1. Could you check D180 against (1) outside any helix (DSSP H, G or I); (2) free of Cβ contacts under 8 Å to residues at least 40 places away in the same chain; (3) more than 22 Å from S238 (Cβ to Cβ); (4) in contact with a Ser or Thr (Cβ under 7 Å, 6 or more places away or on another chain) and say which number it fails?
2. Kindly indicate whether D285 is out of contact with any Phe, Trp or Tyr (no Cβ under 9 Å at 6 or more places or on another chain) and in contact (Cβ under 8 Å) with a residue 12 or more places away in the chain.
3. What's the total number of residues in segment 129-151 that are of a type outside the set (F, W, Y) and in a helix (DSSP H, G or I)?
4. Can you name the residue in segment 276-293 that is touching a strand residue (DSSP E or B) at 6+ places or on another chain (Cβ under 6 Å) and part of a loop (DSSP other than H, G, I, E, B) and is also nearest to S347 (Cα to Cα) among such residues?
5. Out of everything in segment 458-495 that is of a type in the set (D, E) and in contact with a strand residue (DSSP E or B) (Cβ under 9 Å, 6 or more places away or on another chain), what residue ends up being surrounded by the most Cβ atoms within 10 Å (Cβ to Cβ)?
6. Could you check segment 566-679 for strands (runs of 3 or more DSSP E) lying wholly inside it with 1 or more residues that are touching a strand residue (DSSP E or B) at 6+ places or on another chain (Cβ under 7 Å), among the acidic types (D, E) and not assigned by TED's automatic domain parsing to the domain that holds A527?
7. State which residue is farthest from R150 (Cα to Cα) when the search covers only segment 106-125 and only residues that are in a strand (DSSP E or B) and without any contact (Cβ under 8 Å) to a residue 24 or more places away in the chain.
Amino acid sequence: MVSLTKVLSNDSIYVYKNGTVNTRFSIFQFDSLSMTNQLDSLRFTKNGAIISKLPVSAIDSISFVPPLPAGTIRDVDGNIYTSVKIGTQTWLVQNLRTTRYRNGDLIPNITDNGAWASTKTGAYSMYDNNPANGAVYGYLYNWYAVNDRRNIAPAGWHVPTQEEWLTLENYLSANGFNFDGTRSGNKFAKTLASRTLWKGSSTPGGPGNNMSVNNSTNFTGLPGGGRYGTTGVFFSQSEAAFWWTREESTDIEAYYRGLFYGYSFFSNFVSSKNLGFGIRCIKSDLATVTTGQIDSVTTQSAVSGGTVTADGHDAVTHAGVCWNTTGSPTIYDHATVNGSGIGSFKSKITNLKPGTTYYLRAYASNSVGTAYGPELTFTTIAVAPSVTTDSVSGIRSTVATGGGKIVTDGGAAITARGVCWSTTENPTVADHFTTDGSGAGDFTSAMTGLQPATVYYVRAYATNEKGTGYGAQRMFKTLDIPTVTTVEITEITDSTAQGGGTIVSTGDAEITAKGLCWSTSDNPTIADSVTESVEGNESFTATLTKLAPATTYYVRAYASNSEGTAYGEVVSFTTLASLPTVTTSSITAVTDSTATGGGEVVSDGGAEVTVRGICWSTSAAPTINDNTNVTTDGTGTGVFSSALTGLLPETTYYVRAYSINSIGTAYGQEMMFVTPKKTTTEE
């Protein structure tokens, strides 16, 4: 939070964008302004309430200083100057009247003549120490103030060099500004002189002669006079105008320029640095900078630099390189600061992204602005992606949910991503893994086929053309299913048996079902035959039913909870054998002495059928022991046919099929038929 108070007697705050005022607030409208890293706007607040918001994109700077009228310049004291363009140069129209260097330090105002003559540091005065003269003609400065590194000129301006004064002279001479219309020689004093305040002169071409035609350049040189460096005495007001240059001639002398009321030429002199003269500033230029070669490119850094070859006559305060990924980078993108002044510098560019193309330029800033060198490009080295591993959730006995987030693609397209897991640390895609899309962003992964009650290690991974990157390892344990043992089988018959199980552990949830499962194949499951399910955590017994005789069965106890089904060890048993199963066929082809019967051995009862056939009698429930009315029609199971012979006419017979195995004799259902009356043949 930044609290604001009235500054420099201004009652407004000005928000600038692109050099112009975007908006203005009276300081009585708000009592604070603030901006946090999470916000993209500047908030103006009054009594705790937000009265206005400005997006950061609409702000270049905030100042208590109101904007200048077009074409004007303000010095550090707040004095306003205007400018004029003459040829290719832009000059201030007024002499300086600042009391401070550009950094705000005061320039001593020396009024005493002796002190003025003896000083060897920067100083100023007003002609005759009269502020009224200073207001009209500007102030008089010794050369030490001109040369002070704290800079006496307003930002973007400087004290002209000998070369720059000469450029002005050559332009005036070559472009017809001589008072006599010629285009050679130095006869242009009148074009630089003001139209007022000069002492009169009869000399043609002198500023004091016919002043109404002076100042055709609008340079407006006023006859402010000077101050002697040896005595401190003021001289030549209304007679002469003097301006310092930046160059010294010797340790005690420097160059200056002057106009005299009775002379047509613009003078170039050398004299004591203690003299007091005016300062007329010329507009500075941007610096000139070249961009150095880019080398030592790695995945995240590179080395470049540049050379400031010229400072534009205004000290270079910052030099370095700037870069972005879109082109034409500026210091408002990413930038280094690697020095100041004229000369070469080296720049280390860091925090780059792998496999990314960057645009880079050297820059140099002075008070005029920022100049840029030629743009170069480079591409960082691509690497394997960077990925983070999400926490594991949805953990069950055989499944869990993981995932991750792509932090960087390493500078190359991500072709695969997912998670990998193992029961040993630091799993890789050589272990179990999922594939969950490609490209950047978050992803979710389903881990399946896990084992209950098992510790797993999981890492997210992402693959690009440079390799596979892994996230941090996470660990989880699957939930447990029950533990159960199988009891030995007892009370075995030809169709039933008795078994059971013992619940050793319920696992991570209550038992929801338990019982026995069996099959004629090994390792039976609940997909085979099962006993009726019961709940609870206690041990249990169960009866196996509908078994086949003389058959080997495999049995396991099972117990289920919400995490899955566990099985006990496999036990096996064989049911007892039984009598065969046989059916009696209908009696056909009945005559007074014969008939046809038969049957089908449906089951051998678990023991080989050694004899089969039919038996009959005139009494119900015939057996093979009743009489000799028995057929023998093969062995084994299946359909068979039998011939009944030796029957009596008009007699009722009872018939049953039979089959014999090692257990005994079994009979089919009883059939009954009556033989017909015996037929006779007449001769």
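1. Result: D180 fails condition (4) only.
2. Numbers: out of contact with any Phe, Trp or Tyr (no Cβ under 9 Å at 6 or more places or on another chain): yes; in contact (Cβ under 8 Å) with a residue 12 or more places away in the chain: yes.
Against the criterion (out of contact with any Phe, Trp or Tyr (no Cβ under 9 Å at 6 or more places or on another chain) and in contact (Cβ under 8 Å) with a residue 12 or more places away in the chain), D285 qualifies.
3. Step one: filter segment 129-151 for residues of a type outside the set (F, W, Y), giving 129-136, 138, 140, 142, 145-151.
From what's left, in a helix (DSSP H, G or I): 129, 131-136, 145-147.
So the answer is 10.
4. Filtering segment 276-293 for residues touching a strand residue (DSSP E or B) at 6+ places or on another chain (Cβ under 6 Å) gives 276-284, 286-292.
With the extra rule that they be part of a loop (DSSP other than H, G, I, E, B), the set shrinks to 279-281, 284, 286-287, 292.
On the way: I279: 38, R280: 38, C281: 34, S284: 26, L286: 21, A287: 18, G292: 9 Å.
Here the answer is G292.
5. First, the residues of segment 458-495 that are of a type in the set (D, E): 465, 480, 488, 491, 494.
Keeping just the survivors that are in contact with a strand residue (DSSP E or B) (Cβ under 9 Å, 6 or more places away or on another chain) gives 480, 488, 491.
Working: D480: 19, E488: 10, E491: 10.
Filtering segment 458-495 for residues that are of a type in the set (D, E) and in contact with a strand residue (DSSP E or B) (Cβ under 9 Å, 6 or more places away or on another chain), the one surrounded by the most Cβ atoms within 10 Å (Cβ to Cβ) comes out as D480.
6. Working: elements: 571-574, 581-584, 595-603, 611-617, 638-644, 652-660, 665-667, 671-674.
So the answer is 595-603.
7. Looking only at segment 106-125, we keep the residues that are in a strand (DSSP E or B), and these are 106, 109, 124-125.
Applying the additional criterion that residues be without any contact (Cβ under 8 Å) to a residue 24 or more places away in the chain yields 106, 109.
Values: L106: 10, N109: 17 Å.
Here the residue is N109.
Listed here are the residues, each with its yes/no results for (1) assigned by TED's automatic domain parsing to the domain that holds G469; (2) at positive phi.
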position: P354; (1), (2): no, no
position: Y358; (1), (2): no, no
position: V368; (1), (2): no, no
position: Y372; (1), (2): no, no
position: D390; (1), (2): yes, no
position: G394; (1), (2): yes, yes
position: G402; (1), (2): yes, no
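The values are calculated or read from the model by the stated rules, or taken from the named source; none is laboratory data. Here the structure is a predicted model, which means the values were calculated and not measured. With ideal geometry, Cβ positions are generated from the backbone for all residues, glycine too; neighbour counts draw on all protein chains shown.
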